[in-house]
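Note sheet for the following structure.
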Amino acid sequence: MLEAALIEKCADPSLDLNVVQEFVHAVGNGDPLAVTVKVGGKMILVEKAATPEEALAITRRYVGRAIVRVGVTSYPAHLGDRSGMDLSPVIFDACDNLRLGTTMFAKVMRVVAAWYGRNASSEALPYVLADSIYAWISGEFEGKDVFQAEDPGGLAGPQAVLLHEKTNIDEPPMPSGDEDQPRDITSADMRVDLSGIGSPTPSVPVR
């Protein structure tokens, strides 16, 4: 499990720390040099890397021919050049991998939250997070490549829902049924100073 200090320092600041912890716990094993390879949904056993350079060599061997995930966030290595030649040992640094992974995961959460809609309440938060983690692991959401999906923008899932609820709380209350009843105009507060007007304005008949 990653240290809280590392998460606070390196994770995407748009994500709540608890969300990041849930994310890395679900998708990774805490090993910065981890390389997992899947072909046709089946895991391929690869040698365990001892250095970032060894991990990079393994990754380059399979990228473009298999699904390759790397580092503490199981970051999808194919997001770079599919030949793997543009990959760098930096991706096996725990902090850099956490930054890249959580930035992409924040986008995934925005995609999922957009599907739930603007009216999602806090009760939907566990579902947004669970669906986002599943989308990260599978690489798909609603049948589409979640990593290549267009970013809908805005805040990540839980933050967007909570902001929506806060906005609803701050909105003025809807008019009650009493608003339709005739008012006693003599009891209304004076809102405009009429003392400076020299002559009365013609009255307008009420229709």
With the cut-off at 28 Å, tell me which of the pairs K9/K107; K38/K107; K9/K144 have Cα atoms farther apart than that.
K9/K144
Separation in nanometres of the label points that stand 7 Å from Cα toward Cβ, at A26 and K48:
2.7 nm
Roughly how many nanometres apart are two label points built 7 Å out from the Cα toward the Cβ at D145 and R65?
2.0 nm
If we sort 19-28, 59-68 on the protection proxy, mean other Cβ atoms within 10 Å, highest first, what's the order?
19-28, 59-68
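Readers should treat all values here as calculations from the given coordinates under stated rules, not as data from a laboratory. As the structure is a computational prediction, the values presented were derived from the model and not from experiment. We place every Cβ from the backbone using ideal geometry, glycine too, and count neighbours over all the protein chains shown.
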